[in-house]
Structures are given as structure tokens and as C-alpha cells.
Amino acid sequence: MSETSADRRPRDTEPFRTPAHVDPAGELLAVPGSLGAEGFKTLFRGHPGGVSVITAEGPDGPVALTATSVASVSVDPPLLIFSVSALSSATPAILAADTIVVHLLDAADLPLARLASTSGIDRFADTSLWTRLETGEPLFPAVRAWTRCAIVSRLEAGGSTVIVAHALQGETNRGPDDEPGALVYHNRTWHRLGDASRID
């Protein structure tokens with residue numbers, strides 16, 4: 001007797017159930033017993049992050065923000081993710097953009113990291129620091145490395161939006177072992193990584 005598709009189904013298959021913390025519309029709900037905001041911040045103050053600057057062209061001109069959430073998730077296709085806070089003035093332009101530039105910083109780029117994380121200033125006032133790619137995106141060309149990306153997905157997550165971006169082109173000006181060393185953000189402070197910080 002031939003086997004039917006029903007016979008091939010796993011016997012313990014259960015229908016998909018929406019997680020209890022997501023309503024039928026897909027919105028996140030409060031989870032009883034959730035860790036508070038300060039406790040959550042404390043967890044991650046001890047978890048260092050690499051430092052990047054994201055730029056995009058907005059309706060009123062170029063925008064930039066500093067991010068410590070950039071991470072590679074795939075090499076084929078070349079995808080990266082990062083999140084942007086609803087509190088950042090640059091977020092609306094980044095969310096509306098089709099393409100962005102992700103600048104991957106080292107310790108020599110600390111002034112740019114500070115510039116893009118300072119509120120209430122014109123981050124593009126010094127025209128000697130930046131230019132535009134032929135495709136129009138604002139670029140700080142002296143950084144350790146940069147990649148022009150197409151935004152392929154956006155996911156609202158609490159007060160932030162997680163963005164998935166596909167790397168289209170890029171350039172590396174300094175290698176990971178070159179001076180002046182990697183730039184990381186740890187416990188609300190900038191740090192330089194180098195040979196002295198190596199532990200094995």
C-alpha cells in the first residue's frame with residue numbers, strides 16, 4: 001500500500017500557536033515577571049559592543065547616529081542587522097531610506113562616534129569630514145571600514161526597530177590588527193582594544 005502525505009506527517013505535530021506574549025495582531029504584550037528597564041540595562045553594561053555610525057539621506061538632508069548593535073548575520077547573502085531607537089532624531093530618515101551606509105569604527109574614529117551620538121548639533125557641519133557616494137548616500141570616508149547597504153527588512157521591537165540590511169559595496173581602510181585598535185563601548189565608556197587587552 002502506498003504511503004500518503006498524511007502518513008508521512010510527524011505524529012506529534014501540533015498546530016502553530018501564537019506565543020502568549022504576542023497578541024493576534026502581532027503586537028508585543030507585557031510579560032508577567034519581566035525584568036525591569038534598569039535591570040536589563042545593567043545586564044548589558046557588562047557586555048561590550050563594537051561601535052558603528054549609520055548614515056542615510058533624509059528629506060531634510062543627511063542624518064547620522066552611533067550604534068553598538070551592528071552584527072553580521074550571514075555571508076551568503078551578506079547581511080547585517082542593527083537597531084535604531086525611536087528616541088533618535090535620525091531614526092525616521094533611516095527607516096524611510098532604501099539604502100544606508102554602515103561605518104565600522106576603530107579607536108581612531110572616536111571623534112566621529114562622539115559626533116554622531118551628540119544630540120542637538122549639525123553632525124555634517126564640517127564638510128571636510130564627509131562626502132557623498134555616487135548613489136547619494138552620505139559617507140565619512142576616513143573610517144576603518146564602511147559598507148553601503150540596501151534595507152531589506154524592518155521589525156518593530158519595543159521602542160526600537162531592528163533593521164536587516166544587505167551589503168552592496170564596501171571598503172576597508174585599516175585592518176582589524178592595525179593601529180590604533182578596535183573601538184568598543186563598555187559600561188557607558190569608550191574603550192580601545194589592542195595587544196595589551198589580549199588574554200590568551
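The values are calculated or read from the model by the stated rules, or taken from the named source; none is laboratory data. Here the structure is a predicted model, which is why all the values come from computation and not from measurement. Here Cβ is always computed from backbone atoms with ideal geometry, including for glycine, and neighbour counts include all displayed protein chains.
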Subject >> Matching residues, the stretch 112-129, being crowded, with 20+ Cβ neighbours inside 10 Å and in a loop (DSSP other than H, G, I, E, B) >> reply: Arg123
Subject >> Top-ranked residue of the stretch 150-172 - restricted to ones that are of a type outside the set (D, E, K, R) and touching an Asp or Glu at 6+ places or on another chain (Cβ under 9 Å), ranked as surrounded by the fewest Cβ atoms within 10 Å (Cβ to Cβ) >> reply: Ala150
Subject >> Neighbours by Cβ (under 8 Å, 6+ apart or cross-chain): first from the stretch 168-179, closer than 12 Å to Arg148 by Cα; second part of a strand (DSSP E or B) and among the charged types (D, E, K, R) >> reply: Leu168/Arg148; Gln169/Arg148; Gly170/Arg148
Original post:
Limited to the stretch 158-189, what total is found for residues that are in a strand (DSSP E or B), closer than 19 Å to Ser88 by Cβ and over 13 Å from the mean Cα position of the chain (by Cα)?
Top reply: 1
Subject >> Residues that are in contact with a helix residue (DSSP H, G or I) (Cβ under 9 Å, 6 or more places away or on another chain) and of a type in the set (Val, Ile, Thr), drawn from the stretch 144-170 >> reply: Ile151, Thr161, Ile163
**OP:** Determine whether Ser74 is assigned to a loop (DSSP other than H, G, I, E, B), modelled with pLDDT of 85 or more and either more than 24 Å from Asp126 (Cβ to Cβ) or among the acidic types (Asp, Glu) (or both).
**Re:** no
Original post:
Is there any pair with a first residue in the stretch 61-82 that is closer than 17 Å to Ser119 by Cβ and a second that is acidic (Asp, Glu) whose Cβ atoms are under 7 Å apart and which are 6 or more apart or on different chains, and what are they?
Top reply: none
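Anything in the stretch 83-105 that is assigned to a helix (DSSP H, G or I) and either hydrophobic (A, V, I, L, M, F, W, C) or surrounded by fewer than 17 Cβ atoms within 10 Å (Cβ to Cβ) (or both)? List them, or say none.
Just the residues of the stretch 83-105 that are assigned to a helix (DSSP H, G or I), to begin with: 91-96.
The answer is Pro92, Ala93, Ile94, Leu95, Ala96.
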**OP:** Would you be able to tell me the number of residues in the stretch 34-64 that are among the hydroxyl-bearing types (Ser, Thr, Tyr) and assigned to a strand (DSSP E or B)?
**Re:** 2
**OP:** Go through Ala108, Ala142 for me and flag whichever is out of contact with any His (no Cβ under 9 Å at 6 or more places or on another chain), under 23 Å from Ala167 (Cα atoms) and either part of a helix (DSSP H, G or I) or without any contact (Cβ under 8 Å) to a residue 40 or more places away in the chain (or both).
**Re:** Ala142
